[in-house]
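Here's the structure, in structure tokens; my notes come after.
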Amino acid sequence: MLHSRKLILAHFWLAFIAFGAALLLGAWQMFVRSPLSGWISNPEWYYRSLTAHGTVMGYVFPTLVAMGFGYAITESSLKQNLIGRRWAWAGFLLILMGSVVAMVPVSMGLASVLYTFYPPMIGNPLYYIGVVLVVVGSWIWVGLMSINLRIWKKAHPGEAVPLAMFANVAGSYLWAWTAVGAALELLLQIIPVSLGLKSTIDAGLARVFFSWTLHAIVYFWLMPTYIAYYTIVPRAIGGRLYSDTMGRISFILFLVVAMPIGIHHAFADPQVGAGFKFIHSAFTALVALPTLLTVFTICASVEIAARLRGGRGPFGWVTALPWKNPIMLAVAFSFVMLGFGGAGGLINMSYQLDTTIHNTQWITGHFHLIFGGAIVIMYFAIAYDLWPHLTGRSLGSEWLMRTQLWLWFIGMIITTFPWHYVGILGMPRRMAFFDYTSPALQPEALSVAISAFGGFILVISGFLFLAILYRGQFGERNEPGSYSFAQALHMPQKVPAALNGYALWVALMIGLTVTNYGYPILQLALRNDTSVPAVYVGVQ
Amino acid sequence: MEEETELASSNKSWVVSAVGITLVLFAVSALLGFIIFPAAEGRESESLWASICRAAGLPVSSTVNTEGIQGTKVAIANAVPSIPPGESIGRGATLAQQCAICHGPTGVSRADAPNLAGQYPTVTYKQLRDFKDHVRVSAVMSPFAEHLTEENIQDLAAYYASLQRIELKTAKPGVAAPTIVVSGAPLRGIAPCGSCHGAIENKLGSPWLEGQSVVYLRNQLEAFAQGSRRNDVNEQMRNVARAMTQEEIEAAAQYYASKPHPPEI
């Protein structure tokens, strides 16, 4: 039973409205740097838009979804009222306030530094302070998740923590630790320079700090999606989860190895030694493991559903699946995109192969396919699944939802496949302007134009999604019953203590941070010849 | 009680295996990354320890002679106060009498020296400091800047910034903005001139260029390209100028010199 409906709805609505606005900016960016549009003559507008798009899509939107979904999981899986609801509202307001504080200087062109900050570029301090507020708001959520679980455990000694909550808290701990990197970068390095207290900055060290956050943040975005795979999908399609233990192992593996691998984002950076780059590359390979476990487990769970519905044969069961169910459709699309995106990711994580595509449009194609595709399509599914329980009204036509999901899938493929391709041709990322009349760029023109059309399809799908949710607020009243999660084929009777808590895994995560990041950070922090003058953006 | 013991013992085996597997993975990847691969690269006359240090990213002291090569020492963010005190402008006016022979009594030059009337104070400050610090060198300017104090430089910057930007008689209106100014040359990594020097955006420390002498503009671009001027922050201008063609240098210089108005304040 969901008691904090208003709280959860507020998180989702703010997340999705911000998402809609940022989606429009994204499509505009695709358009203006494609051959379909003339040169806008002012690259600053492009970077301003890009900063807003990245900040909203990277920091605000997924964080709010994870938080809202986390509160829903707490109440429905633990079957207890959320403890600390006022704090939860305070966290929400901090995020709202932080988003506004950050977006004002960005809109005014005072902080067009992109959401990854890229020092030595330095923008208006309010931008960074806004981002810090967003992170602090989300840390309140981390604390609440931990406290709620602790109280439940006290009341239920020896019982297995429900998988949804186990995964949710693992995700919150991952976020708490991975956000520390960017927080250190902002508080120790960028904000002092931005406030004018210092005028030089160690850009190399800042990039290492950011890489601490930059990879695992993707796994934080991915957590709600994986939780939905394990705990919503089997129930929604009338099946059983194949293995509860496999789920627990996947989530603790994410907790341990998602974070100490971020230097693969800095393969081209000279300030990090090749030995550390290799270690990070090797550990990045490990993070494929929980994804492979998940794909196996979910395919098995889906097969159970198909066979329960009368599916036969080694592959014939696929046709027996409830393809008209939006959740089924979403998970299938998500897996296809995860497959292609994951395969591309194998290139990025390899120290050697990465050199062919580093800093090209391949990378932007890759993370849009994984995040915008595989992850966000499951956010849609989560919203569709939860909405009737939040509003007490039925959501209306499944046909519209299927159309929306199809459009998102097609749009994302059309956007990202040509994007990868032009990356292989060598087209650099983060550029506002391409002169397609140059013979060197002409082979890229058609692909970029096709990609822009994909962006337009995504806008249609995104706004259809908002319209479906909006209509759902005024739909027919309908008591959907209590919100539940998938049952495992063998429900856990007794779980090893290690798979029911986090101490060991958090310790390993921190330990690996020390071994994998300790020396590169200390080396740069202790040297006094690594700083460069700051480049101030938007001031004269 | 029995159940608790079972839980505890199973936890112990989890701890041992998880920590053990992690340690082995780390040891193997460290062995490969720090010892085997660097050694396999086979740099002759490199000891094992030196190759480990190289893999760890320990910088080797450079053998390049950097003596005499210095970057700017000016921190431009807080170089000058945003509102200078009134007496600063007065003192600057007195000091500026020695500058007038080249830069003109009203800050507008008839000698192919830069027009300074209404130039951003940060710009004037930074250039004077760079001359004084020997980071920018000019046979004419260096001796003047040598004896200026920090306060003198602040005052001169404030004075020239306070002068009115006037319409120039040398202007040839109607010259269309060349591509290099509006769009740069992305394929060669050249940002548009206007993205720092106005029209698109002003970046801190970048002067406005409208109405400056064509000879001066051309000479400076060539000096940046050849590396004889090197007081630009982070080598921005040298990177741009090196990649520019002679035609682009000429077009940019002609265009900016032809503009009648310095930008409005």
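Checking A:Phe276 against (1) crowded, with 22+ Cβ neighbours inside 10 Å; (2) out of contact with any Gly (no Cβ under 7 Å at 6 or more places or on another chain); (3) modelled with pLDDT of 95 or more; (4) within 14 Å of chain B (Cβ to nearest Cβ), only one condition comes out false. Which one? Failing condition for A:Phe276: (2). Note on the stretch B:124-240: enclosed helices (runs of 4 or more DSSP H) holding 3 or more residues that are within 20 Å of the chain's Cα centre (by Cα) are B:194-197, B:214-226. When each of A:Ala507, A:Ala445 is tested for being more than 9 Å from chain B (Cβ to nearest Cβ) and either open to solvent by less than 40 Å² (accessible area, probe 1.4 Å) or of a type outside the set (S, T, N, Q) (or both), the lone residue that passes is A:Ala445.
Just one of the numbered conditions (1) out of contact with any Ser or Thr (no Cβ under 8 Å at 6 or more places or on another chain); (2) over 25 Å from A:Tyr173 (Cβ atoms); (3) part of a helix (DSSP H, G or I) is not true of A:Ile40: (3).
The condition (being touching a Gly at 6+ places or on another chain (Cβ under 7 Å) and of a type in the set (A, V, I, L, M)) is satisfied by just one residue among A:Met259, A:Met246, A:Met223: A:Met223. Summed over the stretch A:79-100, the residues that are open to solvent by 10 Å² or more (accessible area, probe 1.4 Å), touching a residue at least 12 places away in the same chain (Cβ under 8 Å) and in a helix (DSSP H, G or I) give a count of 11. Can you work out which of the residues in the stretch B:1-51 that are under 30 Å from A:Ala497 (Cβ atoms) and of a type in the set (Ser, Thr, Tyr) is modelled with the lowest pLDDT? Only one residue tops the list, namely B:Thr5. Scan the stretch A:426-440 for residues that are open to solvent by 50 Å² or more (accessible area, probe 1.4 Å) and at positive phi and the total you get is 1. Of all the criteria given as (1) within 14 Å of chain B (Cβ to nearest Cβ); (2) modelled with pLDDT of 90 or more, the one not satisfied by A:Tyr470 is (1).
Going through A:Trp399, A:Trp406, A:Trp387 one at a time, which residue ends up being crowded, with 19+ Cβ neighbours inside 10 Å and either outside the structural domain of A:Gly472 (by TED's automatic domain parsing) or on the phi < 0 side of the Ramachandran plot (or both)? Even if it seems obvious, please write down each step before you answer.
Numbers: A:Trp399 fails: crowded, with 19+ Cβ neighbours inside 10 Å; A:Trp406 fails: crowded, with 19+ Cβ neighbours inside 10 Å.
Among A:Trp399, A:Trp406, A:Trp387, only A:Trp387 is crowded, with 19+ Cβ neighbours inside 10 Å and either outside the structural domain of A:Gly472 (by TED's automatic domain parsing) or on the phi < 0 side of the Ramachandran plot (or both).
Please verify whether the stretch A:281-298 includes one or more residues that are in contact with a Phe, Trp or Tyr (Cβ under 7 Å, 6 or more places away or on another chain) and more than 21 Å from A:Gly372 (Cα to Cα). Yes, the stretch A:281-298 contains a residue that is in contact with a Phe, Trp or Tyr (Cβ under 7 Å, 6 or more places away or on another chain) and more than 21 Å from A:Gly372 (Cα to Cα).
Pairs linking a residue in the stretch B:24-47 that is within 12 Å of chain A (Cβ to nearest Cβ) to a residue that is acidic (Asp, Glu), with Cβ atoms under 8 Å and 6 or more positions apart or on different chains, do not occur.
A quick yes/no check of all residues on (1) surrounded by fewer than 21 Cβ atoms within 10 Å (Cβ to Cβ); (2) within 14 Å of chain A (Cβ to nearest Cβ); (3) touching a His at 6+ places or on another chain (Cβ under 8 Å):
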residue	(1), (2), (3)
B:Ala185	yes, yes, no
B:Gly194	no, yes, no
B:Ser213	yes, no, no
B:Arg218	yes, no, no
B:Arg229	no, no, no
B:Arg238	yes, no, no
B:Glu247	yes, no, no
B:Ala253	no, no, no
B:Pro260	yes, no, no
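When A:Met259, A:Met328, A:Met223 are screened for being open to solvent by less than 10 Å² (accessible area, probe 1.4 Å), of a type in the set (A, V, I, L, M, F, W, C), touching a Leu at 6+ places or on another chain (Cβ under 8 Å) and within 14 Å of chain B (Cβ to nearest Cβ), only A:Met259 passes.
No other residue among A:Ala498, A:Ala440 is over 30 Å from A:Ile190 (Cβ atoms), within 12 Å of chain B (Cβ to nearest Cβ) and part of a loop (DSSP other than H, G, I, E, B) apart from A:Ala440.
The values are calculated or read from the model by the stated rules, or taken from the named source; none is laboratory data. Being a predicted model, the structure only gives us computed values, none of them experimental. As a convention, Cβ positions derive from the backbone with ideal geometry for all residues, glycine included, and neighbour counts pool all protein chains shown. Side chains are part of the model used for accessible areas, which takes the heavy atoms of the whole protein and leaves out ligands, DNA and RNA. Shrake-Rupley method; radii C 1.70, N 1.55, O 1.52, S 1.80 Å.
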